[in-house]
Amino acid sequence: MNDNKKRLKNPDKLKAINPSGATDQNFFDQVFEITRQIPKGRVTSYGAIAKCIGTGKSARLVGWAMNGSGKAKPKVPAHRVVNSIGVLSGKLAFKTPTLMEELLAKEGVKVKNDKVVDFKKVFWNPMEEL
DNA sequence: GAAATGACGTAAG
DNA sequence: ACTTACGCCATTT
């Protein structure tokens, strides 16, 4: 497929995030924007972000969007985003499988067995903070 | 265009 | 706590 019929407002910017040039950059933009608001030492979940944006059930898309976080500018602290139970499900997508854990530990978030320790305590809710 | 894939989520066994 | 199953939606093949 890959038809160019889809509306591409900012091909350039979008290209930086999504090489194939696809869906509204809007979605990615919002995901990144929220992710950048996550305070140091705190984490949030894909579902929470999805809900905050409004897509709600598209938590998967948030994760997919994070896939492009490495190319996004400014960079997005994707390491502060975990799944609903606090597992570092995306650590394999980083340059090194241990990078995510390292970054979190550096910020004061302890990780044990690929899980965030005291997840409920360090959880940051975009709905409440924004 | 149908089928498969995925950094998810929730429910159920 | 772990596994299975289903729903969700954009991307990819």
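Bear in mind these aren't lab numbers, they're just calculated from the coordinates by the rules spelled out. The structure presented is a predicted model; accordingly, all values stated were derived computationally and were not measured.
Take the alpha carbon atoms of region A:12-123, find their radius of gyration, then divide it by 2.2 N^0.38 Å using N residues; give the quotient.
Normalised Rg, Cα atoms only: 1.01.
Per residue of region A:103-113, in order, report the coupling 6.51 cos²θ - 1.76 cosθ + 1.60 (Karplus, θ = phi - 60°) as ³J(HN,Hα) in whole Hz, putting x for Gly and Pro.
Calculated HN-Hα couplings, in order: 4, 5, 4, 5, 8, x, 8, 7, 10, 10, 6 Hz.
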